[in-house]
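Structure record follows, encoded as structure tokens.
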Amino acid sequence: MRNVFTLLSLAFMFSGGCTKQMTKDANQITPPQFTMHPIGYVRRDQDKTMIVIDKQYQPALLGLGKQKHVHVFYWFDKNDTPGKRAILQVHPRGNNENPLTGVFATRAPFRPNLIALSRCDIISVKDNIIEIADIDAFDDTPVIDLKGDFFYYYKPPKE
């Protein structure tokens, strides 16, 4: 069983993006470290809001223009400080009249990992540019992933 664990751990470690250091004692595993790179950036130009994807990822946009929404995962880079990552409880919406609440129960920009998520209406997709109705992100915010509208491909079972 221990060999299976080691093989699975090594397969996971080399599958990309995550590193997990193993020792001889399987109980001594250091926490995984992840490396992420932006796939694009939020851009605001007068009255337009866009997600500009790096050209190398343009083929991954195939079919997105047929969908109504996209889930945009981005990095709260303006909050990326050790102090702000240490904030674990907030008053929702910054209102002290709201009860103190854990950040995992809120959409607060303070979190251990500064990943944000917005569901955005797609206006158009042209080349490597997705024009969206709006997003709760600043200009030049790094985009780390996109997920299309699940329900676009969902077909309910026939009765």
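In this structure, is VAL72 closer than 22 Å to GLY40 by Cα and surrounded by 14 or more Cβ atoms within 10 Å (Cβ to Cβ)?
In short, yes.
Scanning segment 27-63 for residues that are outside any loop (DSSP other than H, G, I, E, B) and modelled with pLDDT under 95, we see that the one that is nearest to ILE130 (Cα to Cα) is ASP45. Farther than 24 Å from LYS55 by Cβ, among the hydroxyl-bearing types (Ser, Thr, Tyr) and assigned to a helix (DSSP H, G or I) - does that describe any residue in segment 134-156? Yes, the conditions are met somewhere in segment 134-156. Restricting attention to segment 64-79 and to residues that are over 19 Å from ILE123 (Cβ atoms) and outside any strand (DSSP E or B), the residue that is nearest to the chain's Cα centre (by Cα) turns out to be PHE76.
The values are calculated or read from the model by the stated rules, or taken from the named source; none is laboratory data. This structure is a prediction, so every number in the text was calculated from the model and none was measured. Every residue, glycine among them, receives a Cβ derived from its backbone with ideal geometry; neighbour counts consider all protein chains shown.
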